[in-house]
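Below: the structure, in structure tokens.
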Amino acid sequence: GPFQSNCADLVGDQILPINMLGKEYIAIRTYLNAPFDQLFITATVNNTHIYVDGSAVASATINAGETYNLAMNAESVHIIASEPVAVWQIAGSGCEFGAAILPQIKCTGSKRISYVRISSYQLKMNLLVRAGHQQNFTINNIPLTNATFSYVPGTNNQWMYCRYDLSSSQY
């Protein structure tokens, strides 16, 4: 397959109840080597249409239990589905894999997150925020002022994302 390497990671995530799934998601590409991150969109209802980055034309139509694989060629992807879907992202850094089921963008999120480092490897983070709130982030109570945010395509400039490398002095 396209991800053959000497790395040895297993990936997986929890399974969410269907009532927790949504119709709108935003994925931010991580730092995985080419062919980059992959999104797996699974339908819960027959005849589910998948729209990408504001397109009026469906990229795919899938039935309950079927999965559409979307390669992330851009830094962010906006997904709207006609019915609730699960979106699983294979992500990572270099050839080291990680994966997660993405929360729908209507998820309330967390106001405070704690993170403990166990190594001195690079620490990178992806941030997603409604436009106008990108200056509301702090790390160790210090405002994150040097982050560069970009608009997520297909969201009418309502959402912004940032891919940010933290320096060791920040953590």
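Straight-line reach from Lys106: which aspartates and glutamates have a Cα under 13 Å away, not including same-chain ones fewer than 8 places off?
Glu24
Could you please state how large a percent of the accessible area of the range 39-171 is carbon and sulfur, counting protein chains only and using a 1.4 Å probe?
50
Ignoring ligands, DNA and RNA, what accessible area per residue does the chain give at 1.4 Å, in Å²?
61
So for the range 99-157, Kirkwood radius off the Cα pairs, Stokes-Einstein at 25 °C and 0.890 mPa s: how many µm² s⁻¹?
The estimated diffusion coefficient comes to 175 µm²/s.
Mind listing the long-range amide H neighbours of Ser76? Cut-off is under 5 Å, sequence gap 5 or more, other chains count too, H placed in the peptide plane at 1.01 Å from N.
Arg29
Most fluctuating residue of Tyr68, Tyr161, Tyr121 in a GNM of the chain with Cα springs under 10 Å: which is it?
Of Tyr68, Tyr161, Tyr121, the Gaussian network model singles out Tyr121 as fluctuating most.
R0 = 25 Å: FRET efficiency of Phe40 with Asn146, Cβ-based, nearest 0.05?
0.15
For the charge dipole of the range 1-146, defined by +1 on Lys and Arg C-beta atoms and -1 on Asp and Glu C-beta atoms about the Cα centroid, which residue among Leu102, Asn46, Ser114 has the Cα displaced farthest towards the positive pole?
So the residue furthest toward the plus end is Ser114.
Quick one: which residues, 5 or more positions from Val152 or on another chain, have an amide H under 5 Å from its amide H? H modelled 1.01 Å from N in the peptide plane, none for Pro or chain starts.
It is Trp159, Met160, Tyr161, by chain and number.
So who's got an amide H within less than 5 Å of the one on Ala60, skipping anything under 5 residues away but keeping other chains? H placed 1.01 Å off N, in plane.
Ile50
Under a Cβ-Cβ limit of 4.7 Å, which cysteines in the chain have nobody to pair with?
Within the chain, the cysteines lacking a partner Cβ under 4.7 Å are Cys107, Cys162.
Leaving ligands and nucleic acids out of the surface, order Lys111, Lys106, Lys124 by accessible area at 1.4 Å, largest first. Let's see the in-between values first.
On the way: Lys111 210, Lys106 150, Lys124 65 Å².
Listed by decreasing accessible area, they come as Lys111, Lys106, Lys124.
Using the per-residue mean of other Cβ atoms lying within 10 Å as a proxy for protection, in what order, highest first, do the peptides 140-152, 31-43 fall?
My ranking of the peptides, most packed first, is 31-43, 140-152.
Could you pull out which residues in the range 74-90 have an amide N less than 17 Å from a spot 7 Å beyond the Cα of Asn156, following the Cα-Cβ vector?
78-81
Only residues of the range 76-90 count here: report those whose backbone N is under 12 Å from the spot 7 Å along Cα→Cβ of Lys23, or say none.
80-85
Would you mind computing, in nm to one decimal, how far apart the modelled labels at Ala71 and Asp165 are, each placed 7 Å from Cα along Cα→Cβ?
So the label points at Ala71 and Asp165 sit 2.5 nm apart.
The values are calculated or read from the model by the stated rules, or taken from the named source; none is laboratory data. Just so we're clear, the structure is a prediction, and the values are computed from it rather than from any experiment. Note: ideal-geometry Cβ built from the backbone for every residue, glycine included; neighbour counts use all protein chains shown. Remember, those area values only see protein heavy atoms, side chains included, never the ligands or the DNA or RNA. Shrake-Rupley method; radii C 1.70, N 1.55, O 1.52, S 1.80 Å.
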